[in-house]
Amino acid sequence: MHKILLELLLKLKKPKEKVFSLEILEEKVPSLEIIKEKATPSEIIEEKTTPSEIIEEKTTPSEIIEEKATPSEIIEEKTTLSKIIKEKVTPSEIIYLGLDLGTSQSAIVTSTGLKLNVASIVGWPKDFIAYNLVKKPIVFGDDCIRYRTSLNVYYPLEKGVFKYREKSSDGKPINEEEAKATVELLKYLLGLVEKKGDQKLFAIVGAPARATRDDKQAIIDAAEGLVDSILVVSEPFLVAYSLGFLGNAIVVDLGAGTLDICRMPGTIPEEIDQRTLSVAGNEIDNKFIELLKKKHPGIHINSHLARKIKEEYSFIGSGPGKIELDFYINGKLTTINVVTELRKATSIVFPEIISHVRELIVTFDPEFMSSLARNIIFAGGGSGIKGLASQIEARLSEDLGTVMVTIVEEPLFQGALGGLKLAQEIPLEEWEQL
């Protein structure tokens, strides 16, 4: 009996002093009624005995609990040791979360198995007819695109950070509806996490590589009251962390709002190791629309349609000979070939990637430059552009020798997965300090 109980108690984290204190058990075991039913208080503790006389420095568990008491009588059937003795909080009471807040799409992954990609859009019905159609007071994600003609639609993120932060002299947002969209989007995303009881939520949020302190603080402020603890971390760093590429690697994260490039030197990247550029997915869409309107005056096209075409057909290098699609031009349905315009639009990111990746390689320790060139990691929605990885390899290899570009398996989720991994590996005491 003594041996079994001692083994159970030894699994618990011991206090600094080698004293087994009843104060630890006070919350869950308020009395000595856990001792065998037939034992009387006088048989356990003498009438005038004080707690200090019960447990001396060298007192062992076997002196506290009678020899014949069984574990089932001491610990109720459904009570675990982790519930009896807890210093602060146990892992089962925590939900860890990785969140990639993107200009176009946001990805969320949790330790409970949640894994979702949501369009970063918020909308309110324009009138009661619109409300009767959408049947919601506020709309998020793809539903905003589906019902956009019935909604006042807001995109809270621009270039990977919250954009509605301008305030008047009295400290209030200049556009309250736009400012509200920022908070509502974050509230919606974090509300997707199904917390039970008093579970805590510890979150790591990805931000552009060169996000400012104000950019990061805006995310933290918006999350106030929604999470118990939060860290805002460089998005490309989280991609690298998720894959275990912490040294001698370069991450290229091509999203809708930003192109982030980060060199992993084997430590936490500094500013000199990172680049954030605005030439990204949205710029490709805008350029595509501009080229089509120039060639076909009167064409009916918007950013949503341009993005869909880009995501399905975009390429760099020698692509298809034709990409024929139907458009309304001056009110008439017309089939046109968009291959030239799409190639030109997509190619605007190529020289930026080549220039900055090359710079990060040649300014590194010369003994490790070849390792960097062979470990270029490509993530983000833009990594799906056909031919982009092979074209980067071909161009850089002209100067640098062997170059290898690897596209991650889950481009839209890799940053969020890195956030989840990092959140789970940060010691609990550090989360508590945050």
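Laboratory data are not the source of any read-out in this text; all were calculated from the coordinates shown. This one's a predicted model, so the numbers in the text were calculated from it and none came from an experiment. Cβ sites come from the backbone with ideal geometry, for glycine too, and all protein chains shown count toward neighbours.
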> Do the alpha carbons of any pairs in K216/K293; K135/K308; K187/K287; K136/K200 sit beyond 31 Å of each other, and which pairs?
Replying inline: K216/K293; K187/K287
> Separation between the Q433 and L192 pseudo-spin-labels, each 7 Å from Cα along Cα→Cβ, expressed in nm?
Replying inline: 3.2
> Most exposed first by the Cβ proxy, i.e. fewest other Cβ within 10 Å, how do L185, L201, L116 rank?
Replying inline: L116, L201, L185
> Once fully extended, how much extra length lies between I354 and T335, figured as 0.36 nm per residue of separation less the alpha-carbon to alpha-carbon distance?
Replying inline: 3.3 nm
> Going by how many other beta carbons lie within 10 Å of each one, how would you line up M264, M404, fewest first?
Replying inline: M404, M264
>> Report the Cα centroid-to-centroid distance between the range 106-131 and the range 297-344 in angstrom, as an integer.
In response: 28
> Please state the Cα pair-distance histogram of the range 281-384 with 10 angstrom bins from zero: what percent is in each bin?
Replying inline: 13, 39, 24, 14, 7, 2, 0
> Working out 0.36 nm times the residue gap between T406 and I426, then minus their Cα-Cα distance, what length gain in nm do you get to one decimal?
Replying inline: 4.4 nm
>> How would V161, V252, V153 line up from fewest to most surrounding beta-carbon atoms within 10 angstrom?
In response: V153, V161, V252
> For K295 and R213, what does the FRET efficiency come to when R0 = 41 Å and r is the distance between their Cβ atoms, rounded to the nearest 0.05?
Replying inline: 0.40
